[in-house]
Amino acid sequence: DNLANKIAAGEVIERPASVVKELLENAIDAKSTQITVKIEESGLKSIEIIDNGEGIAHDEVALALKRHATSKIKDVDDLFRIRTLGFRGEALPSIASVSELTINTSVADNGDESGTLLVAKGGEIIQNSPAPKRVGTRIKVENLFYNTPARLKYIKSLQAELGHITDIINRLSLAHPEVAFTLINDGREMMKTAGTGDLKQALAGVYGISTAKKMIAISAQDLDFDVTGYVSLPELTRANRNYITVLLNGRYIKNFLINRAIVDGYGSKLMVGRFPIAVIDIKIDPFLADVNVHPTKQEVRISKERELMGLISQAISQAFQPQTL
Ligand code: ADP
Ligand code: MG
């Protein structure tokens, strides 16, 4: 029901960037190859996500707004081997409960079935009608937190919110070089990736071509882990860790120890208190990772963490051996 959705929203949707993250993950799950994010006033006025993915069938759109109706967790084993990004079936209901939501979606190759236009306010569906067919899904979220003033009060600056949104789009762009992402804020294009599938080109879209040119490929494998990625030359440092992106089986994660292993790999080459730009892509057996630690799905527990740290540090220090530079 609506109260449960609002409570869930408090957990999962803390700011405009949370909405962007959940909607982008859905668009990626739907196999989109082009995703445009349009925001106004850092997402507080509106967030619109336009994708060219599989779309939602007409009789399933309203269902998608029901909590857990779509959860992809079918049995306990799934909890430990989650492959798709979404698995809880509560993002859309949560977002809908604290905003005005418009979904315009069509399924390709679905015979004569039309598309759908659904409008909800505070989680109540006020329109659900057939609409002309077009490719993919457009979801627009307006007046976020209009009915949760406490949440709204906690949001301090538009600049900070825009920063959070850019951050999540950057991370997802690096996790999905095969998808072309565009971010437009108040009519101005903020970033754009090519969607060629090449990680280095995704880096160029996110951080600029000249930065991407100063990033070096790394690669290391053992029986448990396969680590690849790009790290910046030691000269290209930043004042904080925000430019380090760690991907685990394609999912963006936060892990303090892995960040430390990356910095350790540079040895004395980095200045104290400075951090590299890096993307580290770790592939492991899903049984060795537990992604279900936190509802926002970014905290992950990894078995054999020490082994992984060693492998990452070693891969980076090897990349900066004098003979390889
Ligand atoms: P979850 O992603 O955990 O399944 P969500 O609440 O995020 O739950 O989304 C509910 C369902 O709506 C998804 O499982 C998916 O079937 C559908 N859906 C949401 N967004 C899209 C989209 N952009 N394209 C296609 N289907 C979508
Ligand atoms: Mg989802």
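Each of Arg241 and Lys156 was given a label point 7 Å from its Cα along the Cα-to-Cβ line. The distance between the two points is 2.0 nm. Under 1.5 on a/c is rounded, so check that first for the range 191-276, then, if it is not, pick prolate when a/b is larger than b/c and oblate when it is not; a ≥ b ≥ c are the square roots of the alpha carbon gyration tensor eigenvalues. In terms of gyration-tensor shape, oblate. Taking other C-beta atoms within 10 angstrom as a stand-in for reagent exposure, Ile184, Ile282, Ile7 fall in the order Ile7, Ile184, Ile282, fewest first. Using the Karplus relation 6.51 cos²θ - 1.76 cosθ + 1.60 with θ = phi - 60°, the per-residue 3J(HN,Hα) values for the range 39-47 come to 10, 10, 6, 6, x, 6, 7, 7, 9 Hz, with x marking Gly and Pro.
Please report, to one decimal in angstroms, the Kirkwood hydrodynamic radius of the chain built from all distinct Cα-Cα pairs. Walk me through the numbers on the way to the answer.
On the way: mean 1/r = 0.0482 Å⁻¹.
After inverting the pairwise mean of 1/r, the radius is 20.8 Å.
Annotation: peptides 12-19, 265-272, 36-43, ranked by per-residue average of other Cβ atoms within 10 Å with the highest first, follow the order 12-19, 36-43, 265-272.
Determine the shape class of the range 85-182: with a ≥ b ≥ c the square roots of the Cα gyration tensor eigenvalues, call it rounded for a/c under 1.5, and otherwise prolate if a/b is greater than b/c, oblate otherwise. Mind showing how you got there, number by number?
Details: a/c = 2.42, a/b = 1.25, b/c = 1.93.
Cα axes put the range 85-182 in the oblate bin.
Normalised by the residues of the chain, what does the relative contact order come to in percent, with Cα pairs under 8 Å and at least six apart?
Working: 688 pairs, mean separation 49.6, N = 325.
RCO, the chain: 15 percent.
Taking 7 Å steps out from each Cα toward its Cβ at Ala194 and Asp59 produces label points 4.5 nm apart. An oblate overall shape is assigned to the range 156-196, the ratio a/c of its alpha-carbon gyration tensor axes (a ≥ b ≥ c) being 1.5 or greater and a/b not exceeding b/c. List the pairs from Lys38/Lys283; Lys31/Lys153; Lys21/Lys254; Lys21/Lys214; Lys31/Lys156 whose alpha-carbon separation is above 24 Å, in the order I gave them. Violating the 24 Å limit, Cα to Cα: Lys38/Lys283; Lys31/Lys153; Lys21/Lys214; Lys31/Lys156. Extension gain, Leu257 to Lys45, is 72.6 nm, computed as 0.36 nm per intervening residue step minus the present C-alpha separation.
Spin-label pair Asp285-Ser219: with each label point 7 Å from Cα along the Cα-Cβ axis, the two points sit 2.4 nm from one another. The relative contact order of the range 214-324, computed from alpha carbon pairs under 8 Å that lie at least 6 residues apart in sequence, is 33 percent.
Since every read-out is calculated from the coordinates, none of them should be taken as a lab result. Fair warning: this is a prediction, and the values are worked out from it, not measured in the lab. Here the Cβ is made from the backbone with ideal geometry for all residues, glycine too, and neighbour counts use every protein chain on show.
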